[in-house]
Amino acid sequence: MDMEDLMKHARQFQDKLAQVQEELAARMVTGTAGGGMVTVTVNGRGELVGLAIEPEVINPDDRQMLQDLVIAAVNDGLRKAKDLGRNEMSKLTGGMTIPGLF
């Protein structure tokens, strides 16, 4: 393989990588806590795009519980988004782990 072929393959990989990243931005996962009392929506880029809290979990006398539920739901959503990204990148790289991709 000569240098020209190598550069061609690198450009093709970059194009495919950009396409996968764009597709991930449009894919959504949900994270939940408290049996669904708090639900978050996270896109494939790991950005929080939605938050829903059931009214019965809102208790002014127990803010800490609600805060804990929100944190747990967000962490659940972020973990799922990361798994989604890792899975999609694995398809692109043929299972090879490339540091910094996901």
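Coordinate-derived values only; no laboratory data. In this text, all values refer to a predicted model and were calculated from it rather than measured experimentally. Using ideal geometry, Cβ is built from the backbone for each residue, glycine included, and neighbour counts are taken over all protein chains shown.
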Q) Which distance in nm do the two modelled labels at LEU6 and GLN19 give, with both placed 7 Å along the Cα-to-Cβ direction? A) 2.5 nm
Q. If you build a Gaussian network model of the chain, linking Cα atoms that sit under 10 Å apart, which residue out of ARG45, ARG11, ARG79 swings the most?
A. ARG11
Q) Just how far, in whole angstrom, is region 59-82 from region 38-56 if you go by their alpha carbon centroids? A) 10 Å
Q. Excluding ALA25 itself, what net charge comes from residues whose Cβ is under 12 Å from its Cβ, given Lys and Arg +1 and Asp and Glu -1?
A. -2
Q) Label point 7 Å out from LYS91 along Cα-to-Cβ: which residues of region 29-72 have amide N under 18 Å? A) 29-30, 43-46
Q) Given (1) -0.83; (2) -0.68; (3) -0.55, which label gives log10 I(q)/I(0) by the Debye sum over Cα atoms at q = 0.15 Å⁻¹ as computed from the coordinates? A) (2)
